[in-house]
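Only one structure is covered here, and it is reproduced in the block below.
The values are calculated or read from the model by the stated rules, or taken from the named source; none is laboratory data. In this text the structure is predicted, and so the values were computed from the model without any measurement. Cβ coordinates were reconstructed from backbone atoms using ideal geometry, including for glycine residues, and neighbour counts include every protein chain displayed.
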Amino acid sequence: MNNRIEKLLTFLDEVIAYFIHKIEDVDRDRYFADRDIRNILDKTINDIILCIVDISEEILKRNKRNIPETYKDTILACHEFLGDTVLKIAPLTKHRNDAIHQYLKINWQNIFTVKSKISDIKEFEEKAKKLISK
């Protein structure tokens, strides 16, 4: 297995577990009231999505494919290798952009959406592991 992809997959696994732990017992009111938890969750969303993009780039490089210009298109370009899972998680790039670029806007919906997609993210991770181990 490619060492970079191994590290990325390990990081993704760790950051998912961290996100799940940090969001435990956090509801909308606490998210709005607690700036620290808001920053932690927003940063963790960024880490998850950028890691997915990096894994997608490595898969494309490994298969001698061009890397698209946008995060969403990079993830979608892996459809050939990872199937419909990419269709489920590619839209998360919008939530990453909202969390990072709209820092004056507090958006619980981004957190909730990523939380609801954790199983899809884990599916992406498992398919990537299988693909890379071939």
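Only one of 44, 74 is at pLDDT 90 or above, under 24 Å from residue 5 (Cα atoms) and touching a Lys or Arg at 6+ places or on another chain (Cβ under 9 Å). Can you tell me which?
On the way: 74 fails: touching a Lys or Arg at 6+ places or on another chain (Cβ under 9 Å).
Selected residue: 44, the only one of 44, 74 that is at pLDDT 90 or above, under 24 Å from residue 5 (Cα atoms) and touching a Lys or Arg at 6+ places or on another chain (Cβ under 9 Å).
Return the residues of segment 117-134 that are within 12 Å of the chain's Cα centre (by Cα), without any contact (Cβ under 8 Å) to a residue 40 or more places away in the chain and assigned to a helix (DSSP H, G or I); say none if nothing qualifies.
The initial filter retains those residues of segment 117-134 that are within 12 Å of the chain's Cα centre (by Cα), namely 117-125.
Among the residues that remain, those that are also without any contact (Cβ under 8 Å) to a residue 40 or more places away in the chain are: 117, 119-120, 123.
Answer for segment 117-134, where residues must be within 12 Å of the chain's Cα centre (by Cα), without any contact (Cβ under 8 Å) to a residue 40 or more places away in the chain and assigned to a helix (DSSP H, G or I): 119, 120, 123.
Which one is farthest from the chain's Cα centre (by Cα) among residues in segment 11-48 that are touching a residue at least 60 places away in the same chain (Cβ under 8 Å) and under 20 Å from residue 124 (Cα atoms)?
Ranking the candidates gives 20 first.
All but one of (1) within 19 Å of residue 116 (Cα to Cα); (2) assigned to a helix (DSSP H, G or I) hold for residue 10; state the number of the condition that does not hold.
Here residue 10 meets the rest and fails (1).
For residues that are under 20 Å from residue 22 (Cβ atoms) and of a type in the set (Phe, Trp, Tyr), scanning just segment 105-131, find the one that is modelled with the highest pLDDT.
Let us first name the residues in segment 105-131 that are under 20 Å from residue 22 (Cβ atoms), namely 106-122, 125.
Then keep just the ones that are of a type in the set (Phe, Trp, Tyr); that gives 108, 112.
Numbers: 108: 82, 112: 87.
Among those residues, the one meeting the criterion is 112.
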